[in-house]
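Sending over a structure as structure tokens; questions will come in a sec.
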Amino acid sequence: MRNFKYIYYFLFIIIFTSAKSEENNLVFHGAYTFETFPGQKSCAVYVSIFNNTNKDFTINIESSDVSEKAEIHKMEKKDNIIKMKKIEKINIQAKDQVFFQPGGTHIMLMNLKKELEDGSSFFINFLINNKKIQRIKVLVLNKKLRENFIE
């Protein structure tokens, strides 16, 4: 029964944390990360992006207000070794979607400026087509969710 509390919390976040760019009609939905422990220097952020237009877009990470550095990373397996690889940009085709998720493509925040606490939030700035910045709110979730949903 205790786990249901976390499931409801997670669903609440997904439903109420989407941001829409009026100009581009790109929807950034459900951005989240997990709380950190004292001294932790990096964390991953996940979000779903929906392109509801007939145009293609390029998306880069501009900055975050809680870290010195923010990058897009992709997990790659080579010779049975899984490594993270930095990618400069994500291309999102017309009427397509991109999912930043655990074990796949994600946003890596490095050199965190503070501990991220459950229930708090911060912003990440995405650069769209190298000209427009879209500011997205990221919610910090309890680390028990990670234990229950990510293996």
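FYI, it's all coordinate maths here, none of it is from the lab. Source: prediction; values computed, not measured. Here the Cβ positions follow ideal geometry from the backbone for every residue, glycine too, while neighbour counts run over all protein chains shown.
5 Å is the cut-off here: which amide hydrogens, built 1.01 Å from N in the peptide plane, fall below it relative to residue 120, excluding neighbours closer than 5 in sequence?
So residue 120 has HN proximity to 140.
Also: Can you work out the FRET efficiency for the pair residue 101 and residue 65, with r the C-beta to C-beta distance and R0 = 30 Å, to the nearest 0.05?
Calculated value: 0.85.
Sticking with this one: Just want the ordering: 71, 88, from fewest to most Cβ atoms lying within 10 Å of their own Cβ. Walk me through the numbers before you get to the answer.
Values: 71 16, 88 9.
The fewest-first ordering by Cβ neighbours comes to 88, 71.
Give a residue-ordered list of calculated ³J(HN,Hα) values for segment 103-118 (Karplus: 6.51 cos²θ - 1.76 cosθ + 1.60, θ = phi - 60°; whole Hz; x for Gly, Pro).
x, x, 5, 7, 9, 9, 9, 10, 6, 4, 8, 7, 6, 8, 9, 3
A further question on this structure: Would you mind calculating the gained length between residue 118 and residue 76 on full extension (0.36 nm times residue separation, minus the Cα-Cα distance), in nm to one decimal?
Working: separation 42, 0.36 × 42 = 15.12 nm, distance 2.97 nm.
So the chain would gain 12.2 nm between residue 118 and residue 76.
Please turn the phi angles of segment 126-135 into ³J(HN,Hα) values with the Karplus equation 6.51 cos²θ - 1.76 cosθ + 1.60 (θ = phi - 60°), one per residue in order, whole Hz, x for glycine and proline.
So the Karplus estimates, Gly and Pro as x, are 9, 9, 9, 6, 6, 9, 10, 9, 10, 8 Hz.
Quick one: net charge around residue 114, please, counting Lys, Arg +1 and Asp, Glu -1 for every other residue with C-beta under 13 Å from its C-beta. Before the final figure, lay out each step's value.
On the way: positive: 41, 113; negative: 35, 65, 68, 115, 117.
Spelling it out: positives minus negatives among the neighbours equals -3.
Could you sort out which of 41/74; 41/83; 86/143; 78/114 sit more than 28 Å apart by Cα distance in this structure?
Numbers: 41/74 19 Å; 41/83 18 Å; 86/143 25 Å; 78/114 34 Å.
Going by Cα-Cα distance, 78/114 fall outside the 28 Å limit.
If you don't mind, there's one more thing I want to ask. Under a 5 Å amide H to amide H cut-off, with H placed in plane at 1.01 Å, what residues pair with residue 67 once short-range neighbours are removed?
113
Right, next: Could you give each residue of segment 38-50 its phi-based ³J(HN,Hα) in whole Hz, using Karplus coefficients 6.51, -1.76, 1.60 with θ = phi - 60°, and x for Gly or Pro?
Using θ = phi - 60°, the values come out as x, x, 5, 9, 8, 7, 9, 10, 10, 7, 10, 10, 10 Hz.
Measuring from label point to label point, each 7 Å out along Cα→Cβ, what is the residue 54 to residue 86 span in nm?
My value for the distance between the label points is 3.8 nm.
Most exposed first by the Cβ proxy, i.e. fewest other Cβ within 10 Å, how do 58, 105 rank?
58, 105
Taking a temperature of 20 °C and a viscosity of 1.002 mPa s, what whole-number D in µm²/s does Stokes-Einstein yield for segment 56-151 with Rh from Kirkwood over alpha carbon pairs? Numbers along the way, then the final one.
Numbers: Rh = 14.9 Å.
Roughly 144 µm²/s, to the nearest whole number.
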